[in-house]
Amino acid sequence: MTFFRSLRSHALHSLCFLIFFPGLLLIVDLGSVPALAQSESGANRPASRPWMNPSLTADERAALVVKEMTIDEKISLLHGTGMKGLSPMSPLAVRSNGGAGYVVGVPRLGIPDINMADSAYGVRSSGENGKYSTALPSNVGAAASWDVNAAFEYGALIGREVKAQGYNMSIGGGVDLAREPRNGRTFEYMGEDPVLAGNMIAGLIRGVQAQHVMGDIKHYAMNDQESGRNAVNVHIDERSMRESDLLAFEIGVRDGNPSGVMCSYNRVNGDYACENKYLLTDVLKKDWKFKGFVLSDWQGTHSTAKASAAGLDHEEPGEIFYGAALKEAVKSGRVPMAEVDDHVRRIVRSLFANGVIDDPPEKSVVDVQGGFDVSRTIEEHSIVLLKNQSGQLPLDAASVHSIAVIGPHADVGMISGGGSAQVDPPGGNAIMPPGKGQSIWNTEIWFPTSPLKTIRAKAAGAKVQFNSGGDAASAAALAKASDVAIVYAYQWESEGMDLDSLSLPLHQDELIAAVAAANPHTIVVLETGGPVTMPWANQVSGILEAWYGGSQGAEAVANVLFGEVNPSGKLPLTFPISDADLPHREIVKPPDASTTHDEPDAWKKIAAGLPAFQTTYDEGVKVGYKWYDAEKKAVLFPFGYGLSYTSYRYSGLTVTPAAAGAKTQLHFTVTNTGSRAGIETAEVYAALPAVAAEPPKRLVGFSRVSLNPGESKDVTVEVDPVYLSIFNVKQDGWQLLPGDYAFMVGGSSQSLPLTQTVSLK
Ligand code: BGC
């Protein structure tokens, strides 16, 4: 396990920093305390602050203020001043809001401190800080809604709560592709496809930043496994990287305009991501014209001059390389002042551009009920109905007499994703004795959204009984004696670990098989971070993928089970039949313990650079369905798949090829052929000309259509030319190859009834 596991174990937290930042007090005293002492009315306050004029552009305002800064003021903006555990050590940390990152501002010039909150699916550390935050469904769950507006609402809720808690930067925004679905952070990302993931993350970031807090996208890049993340060297060819993981980031940066890009822990083709000139400068800043700042993942830094030249703007959480060492490097000429100015300008510009300076956070009470509504609605649109044999669902509350609710902790709560994404549940972990309000690193945290209670509330006239499933035989006996059995099965994920396999843990496969053998009306509700294998899939009558459902998970699931909500989610990643079908049999792990040690001074070795071990992502661009398509492997449930309580028909496709550089347009009709209102996500894929040598198809667009029974709607999807292009390494750019493009439209990557081939030039 990594350094950060030990860092976050509360007992070691302060100790680590004590050793971690031996010179911190000294540095702080010399650099930043005098700046703090300069009050707004102090002698150093400039006569006027023209950069405070909101009618100037963010760039103009940043240029004006950076000119006024001393070197110490600049450097104070280029590194963090620790996490909460550091508080007793630093006179400045008392001003920290208790989040993962705290940066001392320049009050003399009106530049505020930056308080960063981890906030992947809600604001972290609420328990520890005596606050409250909503848990949204896991990020991959939200991606299953295929709803960019929902992603915006997701981000907006995070932005509001971050701000209400007194932070001005959200550091969520994970978008590494599920290239390796056993990655322990799959729940924190947006699935396996760059077009879906990129569009969803862009929506989320726009939502965050619309609240006048800075947003972030992470972990840039190729942080597709947690095992040995501080040491691993990922090998991948440039074209594949640009067309897969980097395309998700490209769309996120282009359309989301985040303030921050968090570089990742791992190495990419030799260099650590946080000192990787190719990633940070050539691609991000030059090609994508990223205007914000690059911040390191927490202790993802390994150098001063090299990182600065490569494009790292800001070090977190301390100042190993970007404090006194950076000042010294500037003095000795190893780092040009212009480079430092650029780092600072990017940070200050982001503060202006997102309204953080003009509309600073004011602490307030989070809207708990409003958060519930947003969280539940998004979850309702994210749940994927995977199987519904003989119309088993929705359940009819009036006619069902007895229901068995089975599964670990299904009486009290639903599981949530761990690590730095963890949101603290109100009242503490639902499975712990009362009083345990704070989440414990690397411990399963269950939210008090009770499946049993919600089922009882829905089916008030039925006998609803619970069995934990610890003993499969007694669970099966209860199932046999009930009209319907609902098994809530789970698989927990967290940062800092990967899954050994996609199998459900704790003998849940055996449990489900036993229950299904006892009752033909068995429905499985999956609370998982990503795909799981389902050896029992043919034996059960219904399967719902609920992801990690958030604060209102059980309510949302019950609304789908009983038909108040017609499911509309579609899988944002493939569910393979077995682990053996994945591109890699196993995740390559570090060869020895020295790369993942827990000893207190591990930070020194990490900072110096751990010995690299190699992993080669030789599946390249063939991530997820592109792999199964290319390898002609059958899957359990394909990418883009999801059932509804109604049915849809697709008809009348016309494709209008666009002139070079413009968007190709598709028109088609979707009809609701069933008897319930529903929402269908129409998916558009393209097969490139053979000369492109690409996998058989790729997602190039999608559109959600809301339809009453019998209703038809004409749908238009415009396809971005980049989504149809290949990345030409020699020309260092996207290239649309002339030739025949087959466009395919339908309701899943494996159900595409409409096809038309057009020639594009
Ligand atoms: C994680 C980041 C997180 C940071 C601060 C790191 O371990 O990888 O995602 O933002 O810690 O908590």
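The values are calculated or read from the model by the stated rules, or taken from the named source; none is laboratory data. Predicted model, so just to flag it, every value in this text is computed and none were measured. So basically every Cβ, Gly included, is an ideal-geometry build from the backbone, and we count neighbours across all protein chains shown.
Considering every residue within segment 478-493, establish whether at least one is closer than 30 Å to residue 265 by Cα, part of a strand (DSSP E or B) and within 16 Å of the ligand (Cβ to nearest atom). Break it down into steps so the answer makes sense when it comes.
Residues of segment 478-493 that are closer than 30 Å to residue 265 by Cα, as a first pass: 490-493.
In the following step, the residues that additionally are part of a strand (DSSP E or B) were identified as 490.
Retained after the next criterion (residues that are within 16 Å of the ligand (Cβ to nearest atom)): none.
Taking every residue of segment 478-493 in turn, none turns out to be closer than 30 Å to residue 265 by Cα, part of a strand (DSSP E or B) and within 16 Å of the ligand (Cβ to nearest atom).
Listed here are the residues, each with its yes/no results for (1) more than 15 Å from the ligand (Cβ to nearest atom); (2) on the phi > 0 side of the Ramachandran plot; (3) in contact (Cβ under 8 Å) with a residue 40 or more places away in the chain.
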site	(1), (2), (3)
259	no, no, yes
264	no, no, yes
269	yes, yes, no
274	no, no, no
285	yes, no, no
292	yes, no, yes
297	no, no, yes
306	yes, no, no
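With respect to residue 398, is the statement that it is closer than 21 Å to residue 556 by Cα and touching a residue at least 40 places away in the same chain (Cβ under 8 Å) true?
yes
Can you tell me which residue within segment 116-132, out of those that are more than 17 Å from the chain's Cα centre (by Cα) and touching a residue at least 60 places away in the same chain (Cβ under 8 Å), is farthest from the ligand (Cβ to nearest atom)? Show your work before the answer.
Start the filter on segment 116-132 by keeping residues that are more than 17 Å from the chain's Cα centre (by Cα), which leaves 125-132.
So of that shortlist, the ones also touching a residue at least 60 places away in the same chain (Cβ under 8 Å) come out as 125-128, 131-132.
Values: 125: 9, 126: 14, 127: 15, 128: 12, 131: 16, 132: 19 Å.
Among residues in segment 116-132 that are more than 17 Å from the chain's Cα centre (by Cα) and touching a residue at least 60 places away in the same chain (Cβ under 8 Å), the one farthest from the ligand (Cβ to nearest atom) is 132.
Answer yes or no as to whether residue 283 is over 19 Å from the mean Cα position of the chain (by Cα) and assigned to a strand (DSSP E or B). Don't jump to the end; show me each part of the working.
Working: over 19 Å from the mean Cα position of the chain (by Cα): yes; assigned to a strand (DSSP E or B): no.
So residue 283 does not fit the description; no.
Here is a check on your reading of the model: is residue 496 in contact (Cβ under 8 Å) with a residue 60 or more places away in the chain, within 16 Å of the ligand (Cβ to nearest atom), in a loop (DSSP other than H, G, I, E, B) and closer than 25 Å to residue 644 by Cα?
Details: in contact (Cβ under 8 Å) with a residue 60 or more places away in the chain: yes; within 16 Å of the ligand (Cβ to nearest atom): yes; in a loop (DSSP other than H, G, I, E, B): yes; closer than 25 Å to residue 644 by Cα: no.
Considered against the rule, which asks whether it is in contact (Cβ under 8 Å) with a residue 60 or more places away in the chain, within 16 Å of the ligand (Cβ to nearest atom), in a loop (DSSP other than H, G, I, E, B) and closer than 25 Å to residue 644 by Cα, residue 496 comes out as no.
For segment 560-583, indicate whether the set of residues that are under 23 Å from residue 500 (Cβ atoms), part of a strand (DSSP E or B) and touching a strand residue (DSSP E or B) at 6+ places or on another chain (Cβ under 7 Å) is non-empty.
yes
Would you pick out the residues in segment 289-306 that are among the hydroxyl-bearing types (Ser, Thr, Tyr) and outside any loop (DSSP other than H, G, I, E, B)? Talk me through it step by step, then tell me what you get.
Taking segment 289-306 and keeping what is among the hydroxyl-bearing types (Ser, Thr, Tyr), we get 296, 301, 303-304.
Within segment 289-306, 296 is the sole residue that qualifies.
May I ask you to say which residue of 224, 255, 216 is over 18 Å from residue 276 (Cα atoms) and crowded, with 24+ Cβ neighbours inside 10 Å? Don't jump to the end; show me each part of the working.
Values: 224 fails: over 18 Å from residue 276 (Cα atoms); 255 fails: crowded, with 24+ Cβ neighbours inside 10 Å.
That would be 216, the only listed residue that is over 18 Å from residue 276 (Cα atoms) and crowded, with 24+ Cβ neighbours inside 10 Å.
Could you check residue 415 against (1) under 30 Å from residue 635 (Cα atoms); (2) within 16 Å of the ligand (Cβ to nearest atom) and say which number it fails?
Condition (2) is where residue 415 drops out.
Please give the strands (runs of 3 or more DSSP E) falling wholly within segment 596-713 in which 3 or more residues are within 20 Å of residue 570 (Cβ to Cβ). Spell out how you get there, then give the answer.
Numbers: elements: 613-616, 635-637, 648-656, 664-672, 678-687, 698-707.
Of the strands (runs of 3 or more DSSP E) lying wholly inside segment 596-713, those with at least 3 residues that are within 20 Å of residue 570 (Cβ to Cβ) span 635-637, 648-656, 664-672, 678-687, 698-707.
Checking the structure you have, find out if any residue of segment 495-509 is buried (at least 24 other Cβ atoms within 10 Å of the Cβ), closer than 27 Å to residue 749 by Cβ and touching a Leu at 6+ places or on another chain (Cβ under 9 Å).
Taking every residue of segment 495-509 in turn, none turns out to be buried (at least 24 other Cβ atoms within 10 Å of the Cβ), closer than 27 Å to residue 749 by Cβ and touching a Leu at 6+ places or on another chain (Cβ under 9 Å).
Need a quick list: helices (runs of 4 or more DSSP H) entirely within segment 307-419 having at least 1 residues that are modelled with pLDDT of 95 or more, among the hydroxyl-bearing types (Ser, Thr, Tyr) and surrounded by fewer than 19 Cβ atoms within 10 Å (Cβ to Cβ).
368-382
What's the total number of residues in segment 192-212 that are farther than 14 Å from residue 249 by Cβ, more than 16 Å from the ligand (Cβ to nearest atom) and of a type outside the set (Lys, Arg)? Write out each step before concluding.
Of segment 192-212, the ones farther than 14 Å from residue 249 by Cβ are 192, 203, 206-212.
Now drop any that are not more than 16 Å from the ligand (Cβ to nearest atom), which leaves 192, 203, 206-207, 209-212.
Now restrict to residues that are of a type outside the set (Lys, Arg): 192, 203, 207, 209-212.
The number of residues fulfilling the criteria is 7.
Would you confirm, using the coordinates I've provided, whether residue 251 is modelled with pLDDT of 95 or more, in contact with a strand residue (DSSP E or B) (Cβ under 9 Å, 6 or more places away or on another chain) and either of a type in the set (Val, Ile, Thr) or away from the ligand (no atom under 15 Å from the Cβ) (or both)? Walk me through how you get there before you give the answer.
Numbers: modelled with pLDDT of 95 or more: yes; in contact with a strand residue (DSSP E or B) (Cβ under 9 Å, 6 or more places away or on another chain): no; either of a type in the set (Val, Ile, Thr) or away from the ligand (no atom under 15 Å from the Cβ) (or both): yes.
No: the conditions fail for residue 251.
For a quick check of your reading of the model, give me the residue pairs whose first member lies in segment 164-192 and is modelled with pLDDT of 95 or more and assigned to a loop (DSSP other than H, G, I, E, B), whose second is more than 15 Å from the ligand (Cβ to nearest atom) and basic (Lys, Arg), with beta-carbon atoms closer than 8 Å and at least 6 apart or on different chains.
165/131; 165/363; 166/363; 192/179
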